[in-house]
Amino acid sequence: MRVETVWLGRGGQGIVTATYIVANASIIDGFHAIANPEFGAERRGAPVKAFLTISKEPIEDQEPVKTPDVVVVFDDKLIDSMRFAIDAVKPGGYVIINTGKSPEEAKKLVGRDDVYLVVLDAIDIARRHVKLDVPNGPLAGAFSKVMGFPTLESIKQAFETQLGKAVEQNFAATKEAYEKAVVIPPARVDASAKPKGIISTTSAFLTGPYEIVGWREVNKAGAVFPGTSLFYTTGGWRIDKPVIDHSKCIMCRKCWLYCPDDAIIEAWREAEGPRGRKFRMKAIDFDYQYCKGCGVCAEVCPTGAIQMVREL
């Protein structure tokens, strides 16, 4: 028995820690396991993938997984940009997804009817138990539920080794996810079918076919756009988004001053005067294409006009 898995998420969500915990727990249960994370120099918010192989027999290779039995998705907004990973899952395999969407919506998002779909709101569970937006414990619990290993007891032992603190809170989140994860069986499974593709081993950002071009076709002077460039849309990073009550806003612009991503903008909106006369006035708005949902604007707003609302 050999199970190959890929874990997809963003930096800061605990992807690497999750694979280590599941690997250590599997070893406690008598399996062999190897966890190999893959990421670049990027920090929090950047796409990360990690490979985890679990086997009853010794694992003699450490190659990245190309056609996984299981894919664990920490952020459902990554599915479109990492569609190649979903396509690479073997027919009859599992896609475990952290999402606030209904199972029906998640099924449409994944777009496959020949795999088991496992749905849970891991962020909500983590927030209630751990007080953090780190869904790794709940997703480890969902993995244990559908695979039958590692056991919850072994996961708790791995928490004690890996975390050293907050063990009870993390284990409570893991146990709740184990109990609440919704499993949707495939509509069909063709045992002879092959995955639609393979997972690239070169970069977390390669999302499809590409070709090598000559020096005449590359950017002038080998230009590389900085991480703050408009070419990099970061709106998909957030879990909560800011919303504003314009009736409370006094246009002090503190939110604009403190926004680290320049995602606060001014826009014209329709307003109504005391006599019912309509007019246009400037108002604060958000550029959701680049807003990361850090919540700084809500913290500095002196009137409480800005609130953070769950989006994921």
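The values are calculated or read from the model by the stated rules, or taken from the named source; none is laboratory data. What you see is a predicted model, and the numbers here were worked out from it, not measured in a lab. All Cβ positions, even for glycine, are placed from backbone atoms using ideal geometry, and neighbour counts span all protein chains on display.
Report yes if residue 150 is within 25 Å of residue 48 (Cβ to Cβ), under 21 Å from the mean Cα position of the chain (by Cα) and buried (at least 19 other Cβ atoms within 10 Å of the Cβ), otherwise no. No; evaluated as a whole, the condition is false for this residue. Starting from the range 279-300, take each residue that is at pLDDT 95 or above and of a type in the set (S, T, N, Q) and list its partners that are surrounded by 16 or more Cβ atoms within 10 Å (Cβ to Cβ) and assigned to a helix (DSSP H, G or I), counting only C-beta distances under 6 angstrom and pairs at least six apart or across chains. Note: no pairs meet the criteria.
State yes or no: is residue 230 in the same structural domain as residue 304 (by TED's automatic domain parsing), over 30 Å from residue 130 (Cβ atoms) and modelled with pLDDT of 65 or more? Don't jump to the end; show me each part of the working.
Values: in the same structural domain as residue 304 (by TED's automatic domain parsing): no; over 30 Å from residue 130 (Cβ atoms): yes; modelled with pLDDT of 65 or more: yes.
So residue 230 fails the test.
Selection over the range 244-300 of residues that are part of a strand (DSSP E or B) and among the charged types (D, E, K, R) gives a count of 8.
Could we say that residue 171 is surrounded by 24 or more Cβ atoms within 10 Å (Cβ to Cβ), in the same structural domain as residue 18 (by TED's automatic domain parsing), under 17 Å from residue 29 (Cβ atoms) and not basic (Lys, Arg) here? When the stated conditions are applied, residue 171 does not pass them.
Report yes if some residue within the range 68-79 is aliphatic (A, V, I, L, M), modelled with pLDDT under 90 and under 30 Å from residue 294 (Cβ atoms); otherwise report no. Let's see the steps before the verdict.
Taking the range 68-79 and keeping what is aliphatic (A, V, I, L, M), we get 70-73, 78-79.
Checking the rest, the ones that are also modelled with pLDDT under 90 come to 78-79.
Next, from what is left, pick out any that are under 30 Å from residue 294 (Cβ atoms): 78-79.
Checked against the condition, which is being aliphatic (A, V, I, L, M), modelled with pLDDT under 90 and under 30 Å from residue 294 (Cβ atoms), the range 68-79 yields at least one hit.
Just to verify a result, which residue in the range 46-104, among those that are under 25 Å from residue 31 (Cα atoms) and of a type in the set (Asp, Glu), is surrounded by the most Cβ atoms within 10 Å (Cβ to Cβ)? Out of the qualifying residues, it is 69.
Just checking, does the range 1-15 include any residue being surrounded by fewer than 24 Cβ atoms within 10 Å (Cβ to Cβ), in contact with a helix residue (DSSP H, G or I) (Cβ under 8 Å, 6 or more places away or on another chain) and farther than 17 Å from residue 237 by Cα? Yes - at least one qualifying residue is present in the range 1-15. Screening residue 236 with (1) part of a strand (DSSP E or B); (2) touching a residue at least 60 places away in the same chain (Cβ under 8 Å) gives one miss only, at (1).
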